[in-house]
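Since the structure comes first, as structure tokens, the remarks are kept for the end.
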Protein chains: 2
Amino acid sequence: MNIYHDIYKKELLNNILPFWEKHSIDKTHGGYFTCLDREGKVYDTDKFAWLQGRQIWTFATMYHQVEQNQQWLDIAKHGADFMMKYGRDAAGDWYFSLNRQGQPLIQPYNIFSDCFAAMGFGALYKIDAQEQYAEIATKTFQNILKKSNDPKGIYTKAFPGTRPLKNFALPMILCNLSLELEHLLDKGVVDELIEKVVYEVMDVFYQKESGLILENVALNGDFVDCFEGRSINPGHTIEAMWFIMDLGKRLKNEKLINRALEIALNTLNAGWDKENGGIFYFLDVDGRPMQQLEWDQKLWWVHIETLVCLAKGYELTGSEACRKWFEIVHEYIWSHFRDEQYGEWFGYLNREGKVLIPAKGGKWKGCFHIPRGLLQVWKTLEKIEEHKLKTF
Amino acid sequence: MNIYHDIYKKELLNNILPFWEKHSIDKTHGGYFTCLDREGKVYDTDKFAWLQGRQIWTFATMYHQVEQNQQWLDIAKHGADFMMKYGRDAAGDWYFSLNRQGQPLIQPYNIFSDCFAAMGFGALYKIDAQEQYAEIATKTFQNILKKSNDPKGIYTKAFPGTRPLKNFALPMILCNLSLELEHLLDKGVVDELIEKVVYEVMDVFYQKESGLILENVALNGDFVDCFEGRSINPGHTIEAMWFIMDLGKRLKNEKLINRALEIALNTLNAGWDKENGGIFYFLDVDGRPMQQLEWDQKLWWVHIETLVCLAKGYELTGSEACRKWFEIVHEYIWSHFRDEQYGEWFGYLNREGKVLIPAKGGKWKGCFHIPRGLLQVWKTLEKIEEHKLKTF
């Protein structure tokens, strides 16, 4: 590995975190602004629950894993206060979005609002052991499990029975959430959940013929020949594969780690744009025309999550393919996503790698994938380098 | 005008209609396939209500306005039979999509399924005066009016009261539907509806400061500073402006026609991509970052609807700006959207004008905008040419 952990550490501490510290705090009404333009100016004041929960997680985790920086603790609690006050309906489900003042805009139709709230409050409890944080995290987690067989509930538009599908995103997130909330849950619950989600991800959604993971399958895992059934989301898969590697490490299951890496590399081979570089946002497993107009775009989270997966894969297996791919993706990221002029990274590039939307944040991009990814890559490369020093 | 009606007539009769006649008929289960790849092969068999209703309309209208071709009548009735059998729920609302056999897939969450069904059956009644067709069209139309203040009904995700918005698409479609169904409705109903929708489109959604039409406004027409409130859809606006010109003609209201043309030209000036040519899919009225990742793409319907608007604008006003723009848009369409090799037009180009998705049809593109537009341009240019001959 010719790339050193230090540049990832510096990028996190000197570029990314300061950008959000400086621009994202709503000092008047609480919570975080995430709609920040290229320079960091707020261009919209709505508050999206995914991104509030995720930013709580980010600053709490930085405090926990990097440095006990009081400002980071304050920022995490600043978001938590806002979300405790305004984020939930009477049933404890998290709204999708709120206006600047905290009034609900969009109903709790999206179970990932709950996932990221649980993750945020779970991380906050690690650094400030207030019972209310633990309660919110565990109650939300139980709600997620209760809703997991019908995550859209009354908001689903599917006609019952004709073509029941299940979606990859929830079991994927649960792979990560089970470890994120381990400190709050019974060991039995965690062990059982891990077994279930690993099976779902690696057997039910995995398609043998292609060696890839499908975004949607029939309830029994069968392939369904429709737009949703043919859809592949390379970034999703590769992100899930590092969640699985983390679980493989915990379970001391080398075979699981190797399979996860194999699927990640299959996906990268299938999803890499041979003409322009970068990883496509969506693919059709049969190569048929897609419904997603944004299919060929290059998104920040896809690329940083891939880097994490490759770093972990290299750390755990020493795979040469991992090392090579790491350098290719590293090079793509540093030459395309990073904004030398105003800091932070662009989120959305077109197929050719040109900036499509110059904002640093919005409805879906906040303070999460980049800092989490940089932290993971930094820590993983550090371990690899230490190991090298030891062996030489 | 240096472009003659004949090339539009030929394009309609020799390229577009034969493509759909040949590839879109499901002889086994009824209805139309719309997911046709570049060559016309079926790549997905789901049936989308918008596109079923629209294709009924297209073939019925061709029979009515172009030629009493028995095959066209048969195709229109082929789709109508399928939709009568499978298209509606018990309340008479039209499902969004069905599987190949006609079982419902997606609930009737989308009022435009109803709009295009009404339009299709209304057109069919003109060429085959069966009472059941009239009944379906009028009953569906009454349902639309009933739902028009809350078109998403139980499927809305908006939290009641925080930020009530209304959307431009429904009053826009009603401008057209009111004329399409005129033969089935009481004159009083039509007159009242027209007055209402013209006011909505030209006053409520029109924004004085920008001279443009907003996609979403507050219930009282005020600008709302949020993603939805700042959104401009140039294709939508320009299409609506030719609906308004048609109404202006009917109402003999020259002022209304002139205003519609002015708004269309404002929109074209704002929406034209000065670097690459073509009309953007979305804009933010304040130039802020957008949430639509597909904002810079060039879509077939936007361009053909613009051509219709410009042809009508020129016919009705003789505007020199219209003539110039017509030639620019004509040139862009013929050199970018048309597939010389396999017929029909591509639907989705990237910003640079390269093909993004090579299919000829899908979930949203069927047999509608292009044939309707070609017919309108052909007939309008014919009138302009006749008029010229008379004046020389």
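Out of all the residues in the range A:324-361, which are touching a Gly at 6+ places or on another chain (Cβ under 9 Å) and basic (Lys, Arg)?
The answer is A:351, A:360.
Does the range A:238-247 include one or more residues that are more than 14 Å from every other protein chain (Cβ to nearest Cβ), surrounded by fewer than 23 Cβ atoms within 10 Å (Cβ to Cβ), under 27 Å from residue A:179 (Cα atoms) and in contact with a strand residue (DSSP E or B) (Cβ under 9 Å, 6 or more places away or on another chain)?
Within the range A:238-247, not a single residue is more than 14 Å from every other protein chain (Cβ to nearest Cβ), surrounded by fewer than 23 Cβ atoms within 10 Å (Cβ to Cβ), under 27 Å from residue A:179 (Cα atoms) and in contact with a strand residue (DSSP E or B) (Cβ under 9 Å, 6 or more places away or on another chain).
Before we move on, is residue A:209 surrounded by fewer than 16 Cβ atoms within 10 Å (Cβ to Cβ) and either at pLDDT 95 or above or not in a helix (DSSP H, G or I) (or both)?
yes
For the structure I just gave you, tell me whether residue B:270 is surrounded by 22 or more Cβ atoms within 10 Å (Cβ to Cβ) and assigned to a helix (DSSP H, G or I).
So residue B:270 does not fit the description; no.
Condition first: part of a loop (DSSP other than H, G, I, E, B), modelled with pLDDT of 95 or more and surrounded by fewer than 17 Cβ atoms within 10 Å (Cβ to Cβ). Now tell me which residues in the range A:144-181 satisfy that.
A:157, A:160, A:161, A:162, A:164
Quick check on the range B:1-59: of everything there that is away from chain A (no Cβ under 14 Å) and basic (Lys, Arg), which residue is surrounded by the fewest Cβ atoms within 10 Å (Cβ to Cβ)?
If we take residues in the range B:1-59 being away from chain A (no Cβ under 14 Å) and basic (Lys, Arg), then B:27 is surrounded by the fewest Cβ atoms within 10 Å (Cβ to Cβ).
For the range A:183-206, how many residues meet the condition of being surrounded by 17 or more Cβ atoms within 10 Å (Cβ to Cβ) and either among the acidic types (Asp, Glu) or not in a helix (DSSP H, G or I) (or both)?
Residues flagged as surrounded by 17 or more Cβ atoms within 10 Å (Cβ to Cβ) and either among the acidic types (Asp, Glu) or not in a helix (DSSP H, G or I) (or both) within the range A:183-206 amount to 4.
Quick one: which of B:218, B:264, B:270 is over 30 Å from residue A:41 (Cα atoms), small (Gly, Ala, Ser) and touching a residue at least 40 places away in the same chain (Cβ under 8 Å)?
B:264
Every residue, every condition in (1) among the polar types (S, T, N, Q); (2) away from chain B (no Cβ under 14 Å); (3) surrounded by 22 or more Cβ atoms within 10 Å (Cβ to Cβ), yes or no:
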{"site": "A:275", "(1), (2), (3)": "no, no, no"}
{"site": "A:281", "(1), (2), (3)": "no, no, yes"}
{"site": "A:291", "(1), (2), (3)": "yes, no, no"}
{"site": "A:294", "(1), (2), (3)": "no, no, no"}
{"site": "A:304", "(1), (2), (3)": "no, yes, yes"}
{"site": "A:310", "(1), (2), (3)": "no, yes, yes"}
{"site": "A:317", "(1), (2), (3)": "yes, yes, no"}
{"site": "A:320", "(1), (2), (3)": "no, yes, no"}
{"site": "A:328", "(1), (2), (3)": "no, yes, no"}
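Every residue in the range A:93-114 that is outside any loop (DSSP other than H, G, I, E, B), at the interface with chain B (Cβ under 10 Å from one of its Cβ atoms) and in contact with an Asp or Glu (Cβ under 6 Å, 6 or more places away or on another chain), please.
Across the range A:93-114, the qualifying residue is only A:97.
Name, by its number, the condition in (1) more than 30 Å from residue A:29 (Cβ to Cβ); (2) at pLDDT 95 or above that does not hold for residue A:136.
For residue A:136, the failing item is (1).
Just give me the residues in the range B:347-392 being touching a helix residue (DSSP H, G or I) at 6+ places or on another chain (Cβ under 8 Å), touching a residue at least 60 places away in the same chain (Cβ under 8 Å), within 22 Å of residue B:53 (Cα to Cα) and within 14 Å of chain A (Cβ to nearest Cβ), in sequence order.
Of everything in the range B:347-392, those that are touching a helix residue (DSSP H, G or I) at 6+ places or on another chain (Cβ under 8 Å), touching a residue at least 60 places away in the same chain (Cβ under 8 Å), within 22 Å of residue B:53 (Cα to Cα) and within 14 Å of chain A (Cβ to nearest Cβ) turn out to be B:360, B:361, B:363, B:364, B:365, B:366.
I'd like the residue in the range A:135-165 that is among the hydroxyl-bearing types (Ser, Thr, Tyr) and within 14 Å of chain B (Cβ to nearest Cβ) and, out of all such residues, is farthest from residue A:93 (Cα to Cα).
A:162
For the range B:1-57, enumerate the residues that are closer than 18 Å to residue B:346 by Cα, of a type outside the set (S, T, N, Q) and in a loop (DSSP other than H, G, I, E, B).
B:33, B:37, B:38, B:39, B:40, B:41
So which residues in the range A:333-346 are over 16 Å from residue A:12 (Cβ atoms) and within 14 Å of another protein chain (Cβ to nearest Cβ), if there are any at all?
A:342, A:346
The values are calculated or read from the model by the stated rules, or taken from the named source; none is laboratory data. Predicted model only: the values in this text are computed from it and were never measured. In this analysis, Cβ positions are derived from the backbone assuming ideal geometry, glycine residues included, and neighbour counts consider all displayed protein chains.
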